[in-house]
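The values are calculated or read from the model by the stated rules, or taken from the named source; none is laboratory data. Worth saying up front: this structure is predicted, and the values here are computed from it rather than measured. Don't worry about glycine lacking a Cβ; one is built from the backbone with ideal geometry, like all the others, and counts go over all protein chains shown. Accessible surface is based on the protein model in full, side chains and every heavy atom, while ligands, DNA and RNA are left aside. Shrake-Rupley method; radii C 1.70, N 1.55, O 1.52, S 1.80 Å.
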Amino acid sequence: YVAAVYEHESILSPNPTALVDRRSALELMGKNLDIYEQQAVAAARQGAQIIVFPEDGIHGFNFTRSSIYPYLDFVLHSHSGNWNPCREPYLFNDTEVIQRLSCMALKNKIFLVANLGTKQPCEHTDPHCPPDGRYQFNTNVAFDDDGMLVATYRKHNLYFEYAFDTPPEPDYKHFDTPFAGKFGMFTCFDILFFEPAVNLIRQYNLKQIVYPTAWMNQLPLLSAVEFQQAFATAFNVNILAANIHHPTLGMTGSGIYTPVKSFIYHNMESYGGKLIVAEIPVITTDHETNLEKTPGRVSEKGNEQLPPPFYAEMMYDNFTFVPVWGEKGELQVCANTLCCYLNYRRAVLTDELYALGVFDGLHTVHGTYYVQACALVKCGGLSFSSCGQEVTDATALIDFQLWGNMSTPYIFPLLLTSGITLDFADHMGWKNNHYFMSKNRTSVGLLTAALYGRWYEKD
């Protein structure tokens, strides 16, 4: 099927904490919706059957609970499936944004997914009802090609979004399409958690995901395109990921991903939006991960001088590293219960320092979640203390086999190359209670090769 995602540079309110009236809020949102409209037309012209827009794209960000209020549409979450906002605009007040989106889908005969702020009044008898008598949700809406509202999803894992409430229960939302079956839907930070993302995929055996996001890149392990691709590979799904484009805030990175191929946009240099349109196969069955290659064994000699371990901060976590020296070698490094192993060979020795790092613990900055990671990274400079820094370019071509005795089945294989481009492992999967990934020579210099494990039970 043909899919489209649009990375949008939002027109933002100059002062998001100021209180404005609904008319001014609609005026600002209208400018963003005008751009959406042009992109929906462009995507439909290129044969796209579905288009996805990013999180926060219509209203922007940095609001307070009260300053976002005029930007919120009224949506009853029970309405999806029997309301066509474009054809029935007068059913509810404060649905101008929903109506415009519905009409875009209808006019262009395209399935359309977008993100907006919604409000829902609640009774004080409801124990979850906020003091001001209303819920405010960060919401994705999906419309079919006739403009019918077919699904609404309220973001569950909020990322410091003080304007919004967490829904009382996680939403497991999916919608049906004639061209690719069921699509599941979640938002941004949700991708790092079991609820609802993993549970949704497993419960409904989903193979297609729509994913609006407003992701701030964090190298070396959580760049948007890097993690989006790893998620598609780990769960054997297609992901249509639309991000915001604001390089000054570190936000870029959208794509259409299959488990083995990606069409991405990552651009921290220039401004303006970007439409990606690609044809991808519908995934129907589970493929078993390729397990032909057995990972090499760790050297039994034991009395060889292993390089000294050192500690450095990466992604705000205290990693234990060993330097990757010389043109080839076998290394291991351990922390807590996790041991990581690396066999490597370099085509040419370059003057770049690489290190193999391990972390097995609770990550506590910008969210709390338990990580088990084995990571081969290029360091920022030649000193040990530079390992874990954000690096975007590399020249070293490295053959490697990386494996670890992970305690969780949820492993995201990250493979990032110079210029924030993606590569794919030759082989990966489980062997003898170890998860491994191997690659013969990346096409350009290696930035990060990592097994990023999420141990959800220990969050």
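So is A230 outside the structural domain of T417 (by the TED database), under 20 Å from L416 (Cβ atoms) and open to solvent by less than 10 Å² (accessible area, probe 1.4 Å) or not? Yes, satisfied.
Looking only at segment 151-190, residues that are of a type in the set (V, I, T) and touching a His at 6+ places or on another chain (Cβ under 6 Å) come to 1 in all.
Can you tell me which condition L416 does not meet? The list is (1) out of contact with any helix residue (DSSP H, G or I) (no Cβ under 6 Å at 6 or more places or on another chain); (2) open to solvent by less than 10 Å² (accessible area, probe 1.4 Å), and all the others hold. For L416, the failing item is (1).
Across segment 62-76, the number of residues qualifying as buried (at least 20 other Cβ atoms within 10 Å of the Cβ), within 14 Å of T139 (Cα to Cα) and of a type outside the set (D, E, K, R) comes to 4. Among the residues making up segment 165-183, those that are crowded, with 18+ Cβ neighbours inside 10 Å, touching a residue at least 60 places away in the same chain (Cβ under 8 Å) and not in a strand (DSSP E or B) are D171, A180. Give me the residue from segment 338-358 that is more than 19 Å from A450 (Cβ to Cβ) and among the hydrophobic types (A, V, I, L, M, F, W, C) and, out of that set, surrounded by the fewest Cβ atoms within 10 Å (Cβ to Cβ). My answer is V348. Quick check: is even one residue across segment 187-205 crowded, with 22+ Cβ neighbours inside 10 Å, free of Cβ contacts under 8 Å to residues at least 40 places away in the same chain and part of a strand (DSSP E or B)? The answer is no; no qualifying residue exists. Annotation: I283 fulfils all but one of (1) open to solvent by 80 Å² or more (accessible area, probe 1.4 Å); (2) closer than 30 Å to A44 by Cβ; (3) at pLDDT below 95; the unmet one is (1). Scoring V237 on the criteria (1) touching a Lys or Arg at 6+ places or on another chain (Cβ under 7 Å); (2) at positive phi leaves a single failure, condition (2). At least 3 residues being among the aromatic types (F, W, Y), in contact with a Cys (Cβ under 9 Å, 6 or more places away or on another chain) and closer than 22 Å to K261 by Cβ is the threshold, and among the strands (runs of 3 or more DSSP E) wholly inside segment 369-459 not one reaches it.
Within this structure, D399 fails the test of being acidic (D, E), open to solvent by less than 60 Å² (accessible area, probe 1.4 Å) and closer than 30 Å to E457 by Cβ.
Determine if segment 21-43 includes at least one residue that is farther than 17 Å from N115 by Cα, in a loop (DSSP other than H, G, I, E, B) and open to solvent by 60 Å² or more (accessible area, probe 1.4 Å). So far as segment 21-43 goes, yes, one or more of its residues are farther than 17 Å from N115 by Cα, in a loop (DSSP other than H, G, I, E, B) and open to solvent by 60 Å² or more (accessible area, probe 1.4 Å). Inspection of segment 380-395 finds no residue satisfying the criterion of being surrounded by fewer than 18 Cβ atoms within 10 Å (Cβ to Cβ), in contact with a helix residue (DSSP H, G or I) (Cβ under 9 Å, 6 or more places away or on another chain), over 18 Å from V225 (Cα atoms) and hydroxyl-bearing (S, T, Y). Checked against (1) open to solvent by 20 Å² or more (accessible area, probe 1.4 Å); (2) among the polar types (S, T, N, Q); (3) under 20 Å from H174 (Cβ atoms); (4) in contact with a helix residue (DSSP H, G or I) (Cβ under 7 Å, 6 or more places away or on another chain), N108 passes all but a single condition, namely (3). Out of everything in segment 79-95 that is closer than 24 Å to V5 by Cβ and in contact with a helix residue (DSSP H, G or I) (Cβ under 6 Å, 6 or more places away or on another chain), what residue ends up being most open to solvent (accessible area, probe 1.4 Å)? Within segment 79-95, the match that is most open to solvent (accessible area, probe 1.4 Å) is C86.
There is at least one residue in segment 234-243 that is in contact with a Pro (Cβ under 6 Å, 6 or more places away or on another chain), buried (at least 23 other Cβ atoms within 10 Å of the Cβ) and more than 23 Å from G453 (Cβ to Cβ).
Taking the numbered list (1) among the basic types (K, R); (2) crowded, with 18+ Cβ neighbours inside 10 Å; (3) out of contact with any strand residue (DSSP E or B) (no Cβ under 6 Å at 6 or more places or on another chain) in turn, R154 passes all entries but (3).
Sort out which residues of segment 133-154 are farther than 17 Å from G60 by Cβ and either touching a Cys at 6+ places or on another chain (Cβ under 7 Å) or of a type in the set (A, V, I, L, M, F, W, C) (or both), and write them in order of number.
Result: G133, R134, Y135, V141, A142, F143, G147, M148, L149, V150, A151.
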